[in-house]
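To start, the structure itself, in structure tokens.
The values are calculated or read from the model by the stated rules, or taken from the named source; none is laboratory data. Since we're looking at a predicted model, the values are computed, not measured. In this analysis, Cβ positions are derived from the backbone assuming ideal geometry, glycine residues included, and neighbour counts consider all displayed protein chains.
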């Protein structure tokens, strides 16, 4: 009988681990797409003003993304000034948070579509995306999106980028300040990036960057 005890103990341990696995939070990678103008002279230097072209009714979201984007731009070499203060360049910020609804539960991986907005940061509309749900047991529930366009005073666009992150409700990256900081860090990583490139970055690797 004693020789079977280790197997029984292992079976019990595995059974105890199942609930933890089943409840592990889902955090997808940060997906980033960027475009760089042929004449991008002046990027990463001089003064830049932050602006929100669309109304952002959530004051906490506006504050979080202002801080996150401002921090990244300052690290690139810009002198960041508040909205309304004249500057050589402008960084127009758009952000939203939308609900994700499973579009197809047959097979693996699962295709995901974005449904109506829940807890939206502003007036952004839903968009269709494909997300591979490999890894993690919790399903993604929200997609947080950040887009920034950098223009000169004459309106010429120098750079434009967009980052998005799908998370489950239990993911620490669903927290407002964490998602804002993570998206901004991913968006400006290796700035300005390649024109038209799309890259995916592990969200955890962007923490503290």
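Yes/no per residue for (1) at pLDDT 95 or above; (2) over 24 Å from the mean Cα position of the chain (by Cα):
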residue	(1), (2)
5	no, yes
47	yes, yes
67	yes, no
71	yes, no
91	yes, no
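Just one of the listed residues (186, 161) is outside any helix (DSSP H, G or I) and either in contact (Cβ under 8 Å) with a residue 24 or more places away in the chain or under 26 Å from residue 40 (Cβ atoms) (or both), namely 161. On the stretch given as the stretch 23-74, residues that are outside any loop (DSSP other than H, G, I, E, B) and free of Cβ contacts under 8 Å to residues at least 60 places away in the same chain total 10. Sub-6 Å Cβ pairs linking a first residue in the stretch 89-100 that is free of Cβ contacts under 8 Å to residues at least 12 places away in the same chain and at positive phi to a second residue that is in a strand (DSSP E or B) and buried (at least 23 other Cβ atoms within 10 Å of the Cβ), at least 6 apart or interchain, number zero.
Look at (1) modelled with pLDDT of 90 or more; (2) part of a loop (DSSP other than H, G, I, E, B); (3) over 29 Å from residue 37 (Cα atoms) and you find that residue 120 fails only one, number (1).
Does residue 148 satisfy the criteria of being buried (at least 20 other Cβ atoms within 10 Å of the Cβ), within 19 Å of the chain's Cα centre (by Cα), at pLDDT below 50 and in a strand (DSSP E or B)? The answer is no for residue 148.
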